[in-house]
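Any read-out appearing in this document is the output of simple, stated calculations on the displayed coordinates, not a laboratory observation. These numbers were taken from a predicted model, which means no experiment stands behind them. Heads up, the Cβs are rebuilt from the backbone with ideal geometry, glycines too, and the neighbour counts pull from every protein chain shown.
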């Protein structure tokens, strides 16, 4: 989806019901660009039509419940993207974001969601900084890289030393950022985070 597509999506949701439900169907494959565009679409829906998105918050939480029987990879990321555009929809859920970082299946998407939300509302997530910092030591390079990326947006100057330690980490990372799936490294994301932290 381009910026124009997202605008058209907002207008369609104003005329038709079910647009949000359709977007949720794409939240299962992080290798598919359509998932990431659907996440952005959900965020835009949250800003333009918050009541439509409010109705699916419970379903996203259900997807994150191990008893649901659903993988729901994108549900954690969706909560952050929704909050980026309409923080009131997830305000009461922010304390649970830290818990989702301790679950292996939701750690990576939750970090992306936290980073997206932190870019706009860093002060709302200050209490999550210790949990995000703990992820800098994760054996998965995706998690290490996303942790550094998050901490840059969180303004977490207390993490400067730990992020600097990752500058030599050449492990490959794929991140959806600025509308594209970008191939980079943990070290490069650490460098970008340090630039944001000044």
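Here is how the numbers come out for the structure above:
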{"quantity": "Three-way shape label, region 82-152, alpha-carbon gyration tensor, a/c 1.5", "calculated": "prolate"}
{"quantity": "Fewest-first ranking of 62, 36, 73, using other Cβ atoms within 10 Å as the exposure measure", "calculated": "62, 73, 36"}
{"quantity": "Computed [θ] at 222 nm, helices only, for the chain once each DSSP H run of length n ≥ 4 contributes -39500 (n - 2.57)", "calculated": "-19000 deg cm²/dmol"}
{"quantity": "Simple spin-label estimate for residue 59 and residue 183 in nanometres, 7 Å along Cα-Cβ", "calculated": "3.5 nm"}
{"quantity": "Cα centroid separation - region 42-64 against region 84-157, whole Å", "calculated": "19 Å"}
{"quantity": "The chain: angle of helix 104-120 to the longest principal axis, Cα-based, in degrees nearest 10", "calculated": "80 degrees"}
{"quantity": "Nearest 10 degrees, 0 to 90: helix 73-85 Cα axis against the chain principal axis", "calculated": "80 degrees"}
{"quantity": "Relative contact order (%) - region 3-197, alpha-carbon pairs under 8 angstrom, separation at least six", "calculated": "15 percent"}
{"quantity": "Hull volume in cubic angstrom per residue (convex hull over the Cα atoms of the chain)", "calculated": "106 Å³"}
{"quantity": "For 177, 5, order by how many other beta-carbon atoms lie within 10 Å, fewest first", "calculated": "5, 177"}
{"quantity": "Label-point separation, residue 195 to residue 31 (7 Å along Cα→Cβ), nm", "calculated": "3.0 nm"}
{"quantity": "Computed label-point distance, nm, for sites residue 165 and residue 87 using a 7 Å Cα→Cβ extension", "calculated": "3.0 nm"}
